[in-house]
Amino acid sequence: MAATKRKVSSKRKTAAKPSIRQKLLSHTVLLPVTFIVMFGLTGVYALTSSSAARFNYHYFYACGGIYAGPSTKSIPYGELCQGWHAVLGQYWCPNRPDSEVHDGKYYNDWWIQLAYHSKGYINDVYASGGNNNSPVPGVEAWYSCPTTLM
């Protein structure tokens, strides 16, 4: 039997062009680094799902004043209007000066601490649900009022 010779090509093989997916995957390390440089670590923390999971959202049926502390005598921050808002919890402040707020036939001495708006407070009278001088259902209740009145 005679040995057959294979013809060897002298052309050099070139690598195939990378696909769009391969290009995107090669940049997965660069994109977060670019984001950190542009927006800082705070922006990266804000994008994580765990940061959004800390807040409970509650519906407010009417506009009400936001205050630095759970009393109308504390520094006013502005006004919160109707809609869904992120809340941290609510405090019972029965012995504070001007802690009870009246709105028509409704009144309450519970205050909700907001997750945004400088973590200010708004009276429970503006939140949906609940009864007079009682906590709003669905929002974590703390029975000790914050000690500082700003």
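The values are calculated or read from the model by the stated rules, or taken from the named source; none is laboratory data. As the structure is a computational prediction, the values presented were derived from the model and not from experiment. For neighbour counting, all protein chains shown are included, and Cβ atoms are generated from backbone atoms with ideal geometry for every residue, glycine included. Side chains included, ligands, DNA and RNA excluded: accessible areas come from the protein's heavy atoms. Shrake-Rupley method; radii C 1.70, N 1.55, O 1.52, S 1.80 Å.
Annotations
- The share of accessible area on the stretch 52-123 that comes from carbon and sulfur is 52 percent, using a 1.4 angstrom probe.
- Cα-centre dipole for the stretch 60-119 with unit charges at Cβ (Lys and Arg positive, Asp and Glu negative), debye to 20: 100 debye
- Distribution of pairwise C-alpha distances over the stretch 75-136, 10 Å bins, in %: 23, 58, 19
- Shown here for the stretch 79-150: GluC sites (Glu not before Pro) in loop regions (DSSP other than H, G, I, E, B) with at most 16 other Cβ atoms within 10 Å, namely GLU140.
- Phi to ³J(HN,Hα) by Karplus 6.51 cos²θ - 1.76 cosθ + 1.60 over the stretch 72-81, Hz, x for Gly, Pro: 6, 7, 7, 5, x, 9, x, 9, 10, 10
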